[in-house]
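All remarks here apply to the structure that follows.
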Amino acid sequence: MLEAALGALEALGLASRLARSAPLYAAASAAHVLGLALLLGPILLVDLHLIGALRRLDAAGLRFLRRAAAFGLALAMATGLLLFAVRPFEYVENPAMRLKLLVVALASLHALVFEWRWRRNPAALRPGRGATRLAGLASLLLWLGALALGRWIAFV
């Protein structure tokens with residue numbers, strides 16, 4: 001089943017065009033890096049705020065940063081899927097890629113749970129204290145881990 005799905009992914013017209021066109025592949029790669037920047041820049045600021053190291057963010061600023069991070073995540077995931085589709089059989093065997101996908105899934109789940117809890121009880125968000133500090137630290141470590149694993153893919 002996995003093999004059939006990977007084959008179908010690789011056979012997509014856009015994946016074939018990306019594989020044959022260096023400029024198109026470079027554009028997809030650049031868009032992926034842009035998505036990562038739009039994700040990780042805001043996440044870093046939000047996490048530093050949650051940890052208690054950046055206290056001057058108000059609710060409107062946090063809302064903007066969370067939306068920017070969500071857009072960056074969507075762009076990074078969409079372009080990442082395109083890049084993956086070029087060589088899916090190679091990437092699925094790469095241990096760094098497998099670990100990266102797991103870490104991205106955990107980081108995304110962590111963000112969704114945190115967002116859900118925050119929306120239910122915004123007053124519970126107490127930067128620099130207890131569970132909020134731990135949530136910020138966990139998020140920071142997960143996203144930086146995903147970034148490092150993404151770079152590691154090329155060297156495994």
| task | Mind jotting down the distance between the C-alpha centroids of region 24-52 and region 106-141, whole Å? | result | 18 Å
| field | Protection-proxy order for peptides 51-62, 33-44, each taking the mean of Cβ atoms within 10 Å per residue, highest first | value | 33-44, 51-62
| remark: Around H32 (Cβ within 13 Å, Cβ-to-Cβ, excluding H32; K/R +1, D/E -1) the net charge comes to +2
| note | Here Rg/Rh (Cα, Kirkwood) for region 80-153 equals 1.12
| What number, rounded to the nearest 500 deg cm²/dmol, is the helix-based mean residue ellipticity at 222 nm of the chain, given -39500 (n - 2.57) per DSSP H run of at least four residues and division by all its residues? | -28500 deg cm²/dmol
| query | Rounded, prolate or oblate: which one fits region 2-155, using the alpha carbon gyration tensor with axes a ≥ b ≥ c (rounded when a/c is under 1.5, else prolate when a/b beats b/c, else oblate)? | reply | prolate
| request: For A105 and L14, compute 0.36 nm times the residue count separating them, minus their Cα-Cα distance, and round to one decimal in nm. | output: 30.3 nm
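Values in this text are rule-based calculations from the coordinates and carry no lab data. Computed from a predicted model, the values in this text were never measured in an experiment. With ideal geometry, Cβ positions are generated from the backbone for all residues, glycine too; neighbour counts draw on all protein chains shown.
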